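Worksheet: one structure, shown below.
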Amino acid sequence: MLGIRQKVILGFAGLLIIILAIGVQSIVTLTGLGESIDVILRENYLSVIACQEMKEGLERIDSGLLFTLLGDRAQGEDLILKNEAVFEKALQTELNNITVPGEGKTAERLRGLYATYRDTLPQAVAADRPLALRHDAYFSSLFPLFGQIKAAAEEILQMNQRNMSEANDRARLSASQARSGMYLLLGLCTLIAIAFMHFTGRWILRPVKRLTLSADEIRRGNLDLVVPSDSHDEIGTLAESFNAMAASLRELRRTDQARLLRVQRATQEAFDRLPDAVAVVDLEGRVEVSTESAKTVFGLRPGAPIFDLPYGLADYFKEALAEGRPVPAESQAPMIQRFVGGEERFFRPEAVPIRDADRQPTGAIFVLHDVTQLRQQNELKTSVIRAVSHQLKTPMTSIRMAIHVLLEEKIGSLSEKQAEVLLAAREDSDRLQEILSNLLDIGRTESGKAEVYNYQSFSPQSLVMDALEPFRRTAQEKGIALGVELRGNLPDVWTDRTRTSHVFANLLSNAIRHTPAGGRLFLAAKEEEDVVRFVVSDTGEGIPAEFVGHVFEPLFRVPGRDSAGGPGLGLATAKEIVEAQGGTISVESREGKGTTFSFTLRRTDRIDSKEVSQ
């Protein structure tokens, strides 16, 4: 059986044969035409020229004879001598170029006649002979010989011209036959080429195309395809390899499907035991797998599109894929209220994008955290704080009043030691009063019963300078440099000045407390689109990275720090005040390098006129 190599060689061999056949035919044809032309030019043409020269020379000899008879002997003898040489040279050329049958006999006769003519010639030109005898010799002998010689030369000329014509006809016939042969050969070669193209396509191209289509089918997942192998060449071997590969892929698919099914079942079992509602969503937004609670509580059943479900899950899904991060952040996520088994429960949704090895999104995981217990704990904590704060506020007021009465010595004088103790007690009672106020503010904010804010329009310059003034002496005593940057004409802000002063005081006191001598404290305000941003930055000890995200939590204190800073309510209170006014507060810190707090207040010129008028 022929292989691809042999088939290709056979195809090219056919083309080579065609080229050789056309080449040989062309060479033979051109050779024949060349020989015909050579006959015409080399043989007959020389004889024709020689005969014409003999005739011309003979006529000039005859003219010379006439000159001598007429008395012009010198010119006549000169013509005779010159043209005898021409005639004899042409005669010799003709005798050496006998090519036509009968030409040799005529040429010999011509030579004999010329010999007789040349021998008789002196009788007509001899000066010592009488004119009558010379005249008689010319007309009786030379002139008849002149005619015979001329006729013989003409006969040879006609012979060669006829041969030239016949050679030309033969060349034309040969060319016509060659042309017909070329047409026939080209037609035959075309048929052979078409046959080779047909067989080449059948032997090579068709099997290759069949293999290509089969490969596309396998690429689309049709692993049950069997490629027909009806040849024993390399393509047949390749088809067998394709079939073996498809068989291996079928086996691999069967194994992978079994493994995938096992993993899916194990995953589903693990999902069903998770306390939170979890669902995996593909790139089109359809649920692939979900926990039992996700199915029953939120309708996240496999195959369900999240775009048809409430709770804003579709928005979380789109944002997570677009930004490539979990959405929303836990602290910002709204809670979803659901009744499960007659019990009120709260869930906080989160969408986490899933990416492949190339960091391309392939779907998302929805986690609906059950925060019911956390919410209950926060409510309990808020209730306890509010109750305790209220319970402590009245006795604390009495204690502070008693301390003030004693210090004023209205009920008796005090010794120096007694006054010193009472002053210390007054400072501690003031601190405790501030803690109770912060606790009450936080409790009111979380319960939605915060006091009404007294909003007015203030310049950022006045807020910053008034906030900084009480801390100048303390910073100077501790050796801390103060810096202020207020860029340009900053727009006024819409705020409660007392509350905002409390935010500044908390941030500045923390900065001074945690900045060593020789450090620097920096305040700034800058205009942004809808707000003015205030910045309090220091070069103090900074906050460890693992604790930065917790500094605004109530009662949180960085572990290992001095307890003189209080119970950890100041930043939580500052956050509540800023957010209650529609602003935001954030922190950036590097341990050992310093901390920067920034918060925003709304610009007065961006506030709705109705809100300003109220």
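Things worth noting here:
- Ordering of 458-467, 171-180 by packing [mean C-beta count within 10 Å, highest first]: 458-467, 171-180
- Put simply, the Cα atoms of the range 70-155 extend 45, 24, 17 Å along their principal axes, the longest span coming first.
- Gain upon complete extension [residue 354, residue 288; 0.36 nm per residue less C-alpha separation]: 22.5 nm
- Checked against a 31 Å cut-off, the cross-linked pairs 417/575; 526/593; 410/478; 478/575; 417/593 give Cα-Cα distances beyond that limit for 417/575; 410/478; 417/593.
- Computed E for residue 19/residue 245 - FRET, C-beta separation, R0 30 angstrom, nearest 0.05: 0.10
- A protection proxy built from the mean count of other Cβ atoms within 10 Å ranks the segments 145-151, 115-121, most packed first, as 145-151, 115-121.
- Global geometry of the range 41-114, whether rounded, prolate or oblate, following the gyration tensor of its Cα atoms and the 1.5 cut on a/c: prolate
- Estimated distance in nm for a label pair at residue 335 and residue 213, the labels positioned 7 Å out from Cα along Cα-to-Cβ: 6.5
Any read-out appearing in this document is the output of simple, stated calculations on the displayed coordinates, not a laboratory observation. What you see is a predicted model, and the numbers here were worked out from it, not measured in a lab. Methodologically, a virtual Cβ is constructed for each residue, glycine included, from the backbone with ideal geometry; neighbour enumeration extends over all protein chains shown.
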